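First the structure, in the form of structure tokens, and then the observations on it.
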Amino acid sequence: MRHVAIIHPEYLALILAGRKRVEVRLTRNRSTPFGRVAPGDVVYFKARSGGFGARATVAVVDEFEELSPPLVAMLFRRYNAMACGDAAYWISKQYARFGTFVHLTNVRSTERGPEYRDAPGFSPRSSWIVLRRAAMRRAS
């Protein structure tokens with residue numbers, strides 16, 4: 001699968017610099033990318049209010065559900081060195097119930113990315129879009 005993740009520009013710079021190696025999504029509801037991203041998938045990173053800047057392959061996905069504030073605090077201690085989140089982010093997510101931690105590999109700079117606005121479930125407020133693979137044509 002291919003995905004488009006829309007992120008703040010400063011996080012895009014950290015991904016390209018190799019410092020941010022895990023993309024974190026903490027949500028109150030079971031929402032994308034929870035359960036929809038897997039090792040081997042490709043994620044295109046687009047800056048919020050900007051263009052594409054990077055693509056990466058998913059190495060590992062760690063998912064958590066039934067989170068609580070103490071568990072979110074434990075995840076902060078475990079992942080933040082790889083995720084480069086600021087304290088305000090983790091505080092704002094302390095009541096999240098679901099967590100998706102996407103470990104990145106093979107990060108490359110790119111200014112091009114897939115068309116995502118026609119993807120099922122897309123809305124202008126989407127921050128993670130799952131794209132269906134294009135149908136393969138058979139040689140006749």
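Annotations
- Projected label points at TYR95 and ASP118, each 7 Å from Cα along the beta carbon direction, are separated by 4.0 nanometres.
- Legend: ranking of residues TYR79, TYR89, TYR95, TYR11 from fewest to most surrounding C-beta atoms inside 10 Å; resulting order TYR95, TYR89, TYR79, TYR11.
- Karplus-derived 3J(HN,Hα), 6.51/-1.76/1.60, for each residue of the stretch 110-123, Hz, glycine and proline x: 7, 9, 10, x, x, 6, 10, 5, 9, 5, x, x, 5, 9
- Using Cβ point charges alone (K and R +1, D and E -1), the dipole size of the stretch 2-110 about the Cα centre works out to roughly 200 debye.
- Across ARG108, ARG78, ARG36, mean-square fluctuation computed from a Gaussian network of the chain (C-alpha pairs under 10 Å connected) peaks at ARG78.
- Each distinct pair of alpha carbons in the stretch 6-140 adds a 1/r term; the inverse of their mean, the Kirkwood radius, is 15.7 Å.
- Using the Cβ-Cβ distance between GLU111 and ARG30 with R0 set to 30 Å, the FRET efficiency works out to roughly 0.35.
- Rg/Rh for the stretch 42-92 stands at 1.04; both radii use Cα atoms, and Rh follows the Kirkwood definition.
- For the stretch 41-56, 3J(HN,Hα) per residue [Karplus equation, 6.51 cos²θ - 1.76 cosθ + 1.60, θ = phi - 60°, Hz, x = Gly/Pro]: 5, 10, 10, 9, 9, 10, 6, 4, 6, x, x, 5, x, 8, 9, 8
- Once the chain from ARG19 to ARG125 is taken as fully extended at 0.36 nm per residue, the excess over their C-alpha distance is 35.5 nm.
- In the chain, helical runs assigned H by DSSP with n ≥ 4 each contribute -39500 (n - 2.57); averaged across all residues and rounded to the nearest 500, the mean residue ellipticity at 222 nm is -6000 deg cm²/dmol.
- Choice from PHE122, PHE76, PHE45 with maximal GNM fluctuation in the chain (Cα, 10 Å cutoff): PHE122
- Comparing mean-square fluctuations of ALA87, ALA13, ALA96 from a GNM of the chain with C-alpha springs under 10 Å, the top value falls on ALA87.
- Based on C-alpha pairs under 8 angstrom that are at least 6 apart in sequence, the stretch 2-110 has a relative contact order of 40 percent.
We did not get these values from a lab; they are worked out from the coordinates using the rules stated. All values reported here derive from a predicted model rather than from experimental measurement. All Cβ positions, glycine included, derive from the backbone under ideal geometry; neighbour counts span all protein chains shown.
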